[in-house]
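Working notes for the structure below.
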Amino acid sequence: MDIDPKLMEQLLETFRVELDEQLQAITEGLLRLEKHQQADARQEILKRIFRSAHNIKGAARGVGITGVADIAHQLESLLSTLKESNSPPSAGVIDLCLEAIDKTWQAMRAFDAGAGADFDMQSLLSRLEQASCHPSTPEGEPEAVSLQVPEPDMSEQPADTAARPEQQATPQEEQGSPVPVGGRDDAPGGVEVVRVTTDKLDRVSALAEELQVAKIGLHEQFRGMQNILGDINALSRTWSNSQCLRMQNQAALPEDLRQLLVSNSEAFASLGRITSQMQKQMRVTHNRVGLVSSSLQSEVRMLRLVPVATVLRPLLRPMRDLARDLGKSVTLHISGDDVEMDRVVLEGVRDPLVHLLRNAIDHGIELPTERRASGKPEEGNIFIDVHCEGGEIIISVRDDGVGVDPRHIGEAALRKKLIKPVELEGMNERELLDLVFRPGFSSRESVSTVSGRGVGLDVVYENLSDLKGGVQLESEPGQGACFILRMPLTLTTERGLQVRVGRQKFVVPSVSVERILDLLPEEIADVAAGQVILVNKRPVPLRELGATLGLDGDEYTDNTRLPVVVVSKGWRMVAFVVNEVIGEREIVIKPLTRPLVSVSNITGATLTGSGGIMMVLNVGDLIETALSATAGTPVLSSSMLEEEVVTPHVLIVDDSLTTRTLERNILEYQGYDVTVANDGQQAWETLQDQRFDLVVSDIEMPRMNGFELTERIKQSEHLADIPVIIVSSLAADAEKQRGIEVGADAYIVKGQFETHALLEVVQRYI
């Protein structure tokens, strides 16, 4: 019997969801088995993952995916043998089962693409069949990473994944009949569960946002009604006072005028009573709409919540493989992963978690021999804990490895010119540890496939900032390090700072606002790259918001207190001068639609209570624009500073005329004094005669290449303090490693070369 194509697509979509859940359950069970569980616990795990393999087989046959069904059948046979013998599976058998899971996904992707499997299916099936006959072989490598979490409560498993542990499969199970999307499952406790697509949730969420906009509008109308009532009461008092004065001479007034005074006085009193009653009714309606809107948004947020386990548990396998590749023995402990959070936030935190775990395994956990020498168990531990605090989710990633020494962090940052010696002297332990989140920081001097390229923790910091969260490092040398991630439960609520530039009003998301200042002209300092102010003793570029947006603002005078909004994105910070800071308000951001989706510096729009539109600024774009070559117009005259400004002197070394000219134009446009050399030998001779603040060099050049030039500079007693930046098309790790060995301070690949990338590195080292 032919199945309706629409129904078949629903069945396939449901099968994909079920396949993901069942394969993850098998993976978790296999990783538990690696730790040689006790007989009772091992039997329970084997029963559970056997049922998962059985369910995959039946469902795959039901939707006609024979490749997946064949693998699941052989995997089921192997698990059945293990279950009957209840003997610990060898490392080789565990590896084979994990390989079968990987190949199951490949078979599913091949089915979706309408192609055959891109691996040797028969070889895999044959090895699984052979292992089911001899489960004690082959022996493999010892275990590396395992999961240490409480055993799941079987009463909470969905009916199609945990029911009937001892029953034989029914014909329906053998054929497989997943519930179509939108159908119903029986949940624990008799609660009925409806599967809803995320598109429908998004539409409900959009309607909730519209109600929130209406609530904001009603609030502004309520405030307007309050103002009207105040005006009416004031006018009524004025009229009454005027009437009383005239009533002293009422005999001199005509009768019709006396009647007009009396009737108008009564009219004012009546109008005041009516307006007051309307104002009270509007207050009741406003409060009710606010309560309904808040409750609806809360319920919609609850619908979008998913367990943190959906992100954490799929990380177990790649972390296990990474530890094995590095020759380390690591146990991963997870607690609190049943905590739920917004799906969007959870997806955003996935990459930071992956990086922190890789960082812990690569940098933090020592090799078994090193741990044994320091009196630690050979097996390292990584602890992930998830819990709620108010409206925040807290995720901590802690290891018991070498830890982080704040002094070493400061020294590494100083070597890489991320800070100056005077800054290092005034830093406390907390500030030193925060340096690991600076762009370009890396305490490792070698390059590997895992880490050591100076890119990483700054990305974690920026990703958490995008999620309106943050990250903090705590560490005790020799005892381990702990990264604490904080993020909101949901991203649906938003507040914004309303500012005016000329005649236009804009909204800056409050989460990006560091502070608001009234700035005196004498607090502005002129530097080579523009004007700056000091914020927490840190120089911050000062720009006009109007000029950055290409708008005309009101003129500023030297005697004016300037309204300034300081915003940040990651570690970058800019202070913007505006004409007026109006105040903070609740906002609902609506994304731009075509053809406005790519408008620079704008992230969306928000509606005012009266139906007007205000643009919401994209702080990341704003900072990028403000720091570009066209955004450095001084806010005020530089006559306030009397000291002389010294222009940094840069030497560019490259045998390509085009590259030399391009780099020279970029740096000269930024105000740097630039000298060029055709090759390393000419550069070395030039360095003997002139003083330079920075050298930018290619690698492949005649007479003396860039590596040789860099090595000579760093070995020279009077030139060693000059930073050297290598800009080359050579992108292999070997060349990058060679650059580190000869002492280069930075390495930029020409294939990824961009103007702002060069300027950012140059500004860091000058």
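The values are calculated or read from the model by the stated rules, or taken from the named source; none is laboratory data. For clarity, every value in this text was computed on a predicted model and none was experimentally measured. Here the Cβ is made from the backbone with ideal geometry for all residues, glycine too, and neighbour counts use every protein chain on show.
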Name the pairs: first residue in the stretch 266-282 and closer than 16 Å to Leu235 by Cβ, second residue of a type in the set (Gly, Ala, Ser), Cβ to Cβ under 6 Å, at least 6 apart or on different chains? Phe268/Ser236; Gly272/Ser236
Does the stretch 284-303 contain any residue that is under 30 Å from Asp202 (Cβ atoms), at pLDDT 80 or above and touching a strand residue (DSSP E or B) at 6+ places or on another chain (Cβ under 7 Å)? no
Looking at the stretch 31-49, is at least one residue modelled with pLDDT under 90, more than 30 Å from Gly380 (Cα to Cα) and in a helix (DSSP H, G or I)? no
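Output the number of residues of the stretch 491-533 satisfying the condition of being within 22 Å of Gln670 (Cβ to Cβ) and free of Cβ contacts under 8 Å to residues at least 60 places away in the same chain. Show your work before the answer.
Taking the stretch 491-533 first, the residues within 22 Å of Gln670 (Cβ to Cβ) are 524-533.
This time we only want the ones that are free of Cβ contacts under 8 Å to residues at least 60 places away in the same chain, so: 532-533.
Residues that pass the stated criteria total 2.
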Looking at the stretch 94-112, I want the residues that are over 25 Å from Leu82 (Cα atoms) and have a partner that is of a type in the set (D, E, K, R) and at pLDDT 90 or above with Cβ atoms under 7 Å, at least 6 apart or on another chain. Which pairs are those? none
Of the residues in the stretch 512-557 that are surrounded by fewer than 16 Cβ atoms within 10 Å (Cβ to Cβ) and in contact with a Lys or Arg (Cβ under 7 Å, 6 or more places away or on another chain), the one that is modelled with the highest pLDDT is Asp518
Within the stretch 339-381, tally of residues that are in contact with a helix residue (DSSP H, G or I) (Cβ under 6 Å, 6 or more places away or on another chain) and over 16 Å from Pro314 (Cα atoms): 2
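Only one of Ser136, Ser155 is under 21 Å from Lys47 (Cβ atoms), in the same structural domain as Ile56 (by TED's automatic domain parsing) and at pLDDT below 85; which? Steps first, answer last, please.
On the way: Ser155 fails: in the same structural domain as Ile56 (by TED's automatic domain parsing).
Just one listed residue meets the conditions, Ser136.
Here's the yes/no breakdown for (1) touching a Ser or Thr at 6+ places or on another chain (Cβ under 7 Å); (2) touching a residue at least 40 places away in the same chain (Cβ under 8 Å):
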| site | (1), (2) |
| --- | --- |
| Thr661 | no, no |
| Glu685 | no, no |
| Gly706 | yes, yes |
| Glu717 | no, no |
| Pro723 | no, yes |
| Tyr747 | no, no |
Would you check if Leu75 is within 15 Å of Arg127 (Cα to Cα), buried (at least 22 other Cβ atoms within 10 Å of the Cβ) and touching a Cys at 6+ places or on another chain (Cβ under 7 Å)? yes
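Here are some residues: Gly496, Gly469, Gly478, Gly502. Which one is surrounded by fewer than 20 Cβ atoms within 10 Å (Cβ to Cβ), in contact with a helix residue (DSSP H, G or I) (Cβ under 9 Å, 6 or more places away or on another chain) and either closer than 19 Å to Glu586 by Cβ or of a type outside the set (Lys, Arg) (or both)?
Working: Gly496 fails: surrounded by fewer than 20 Cβ atoms within 10 Å (Cβ to Cβ); Gly469 fails: surrounded by fewer than 20 Cβ atoms within 10 Å (Cβ to Cβ); Gly478 fails: in contact with a helix residue (DSSP H, G or I) (Cβ under 9 Å, 6 or more places away or on another chain).
Result of the check over Gly496, Gly469, Gly478, Gly502: Gly502.
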For residues that are out of contact with any Asp or Glu (no Cβ under 6 Å at 6 or more places or on another chain) and part of a helix (DSSP H, G or I), tally how many sit in the stretch 651-679. 12
The condition from (1) crowded, with 21+ Cβ neighbours inside 10 Å; (2) modelled with pLDDT under 80 that Thr449 misses is numbered (1)
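This table checks each residue for (1) surrounded by fewer than 21 Cβ atoms within 10 Å (Cβ to Cβ); (2) in contact with a Lys or Arg (Cβ under 7 Å, 6 or more places away or on another chain); (3) under 24 Å from Phe441 (Cα atoms); (4) of a type in the set (D, E, K, R).
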position	(1), (2), (3), (4)
Asp654	no, yes, no, yes
Thr658	yes, no, no, no
Thr661	yes, no, no, no
Asp673	yes, no, no, yes
Leu719	yes, no, yes, no
Arg738	yes, no, yes, yes
Val761	no, no, yes, no
Any chance you could count how many residues in the stretch 95-135 are over 35 Å from the mean Cα position of the chain (by Cα) and among the charged types (D, E, K, R)? 3
With (1) of a type outside the set (Gly, Ala, Ser); (2) out of contact with any helix residue (DSSP H, G or I) (no Cβ under 9 Å at 6 or more places or on another chain); (3) buried (at least 18 other Cβ atoms within 10 Å of the Cβ); (4) not assigned by TED's automatic domain parsing to the domain that holds Ala605 as the list, and Val507 as the residue in question, which single condition is left unmet? (4)
